[in-house]
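These notes concern the structure reproduced below.
Bear in mind that the values in this text are calculations on the coordinates, not laboratory data. Keep in mind that what you see is a predicted model, and the values were worked out from it rather than measured. Cβ placement follows ideal geometry from the backbone for every residue including glycine, while neighbour counts extend to all protein chains displayed.
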Amino acid sequence: MKRFLCLIALPVLLGAAAPATAPAPSPANVHAAHAWVRYLLPNLPASGYMVLTNTGDITTKLVSASSAACSALMLHESINDSGTAMMTTVKSLTIPAHGQVSLAQGGYHLMCMKPKMTAGGKIGITLSFADGDNLLLLVPVYGPGGPPNQ
Ligand SMILES: [Cu+2]
């Protein structure tokens, strides 16, 4: 029941990180790609983005996230309510078997309260799933402009 441990150094390296071949049938097996954090200022929440892929045969749910670099790391969704941009807290995020969920600007994202990080650095993020498994990530931090070439 081990998940892939995805240590993400740079987005440009992600294409080379091919997942290992897994025997079928397999449990839920989630890994993250293109993960990054947008850091603005110490007194503003930082937001985290990535693509979560479940290569397993069982649908799973992301139920919580944590990071030593954040006082709280929440699961949020950006919504547009009659032209007004708002954010709501999301209890869980379903990742279908053999499916993908994107955390991206304007949609689902991680929200890091009281960020303790610097642009150009990396932070550790732990994603916790409904079945009790955890996914550990090392995620690059960028400034307001985001990653280069994106
Ligand atoms: Cu948010």
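Could you name the aspartates and glutamates whose alpha carbon sits less than 12 Å from that of Lys61, not counting residues in the same chain fewer than 8 places away? Here the aspartates and glutamates satisfying the reach criterion relative to Lys61 are Asp131, Asp133.
What ranking, highest mean first, results for peptides 43-51, 55-63 when packing means the other Cβ atoms within 10 Å averaged over each residue? Write out the running numbers ahead of the final one.
On the way: 43-51: 20.0, 55-63: 17.8.
Highest mean packing first, the order is 43-51, 55-63.
Once both labels are positioned 7 Å from their Cα atoms along Cα-to-Cβ, the gap between Ser64 and His98 label points is 3.3 nm. In region 67-108, the alpha-carbon atoms span a convex hull of 108 Å³ per residue.
How big is the C-alpha Rg of region 25-141 next to the rule-of-thumb value 2.2 N^0.38 Å, as a ratio?
1.05
Taking every Cα-Cα distance in region 82-142 and sorting them into 5 Å bins starting at zero, the pair-distance distribution P(r) comes out as 4, 11, 19, 25, 21, 12, 7, 1 percent.
Since only Met87, Val30, Leu62 are under comparison, the one whose Cα sits farthest along the positive direction of the charge dipole of region 25-141, derived from C-beta charges on Lys, Arg, Asp and Glu, is Met87. Taken along the Cα-to-beta-carbon direction at a fixed 7 Å, the label points for Lys116 and Ser78 span 2.8 nm.
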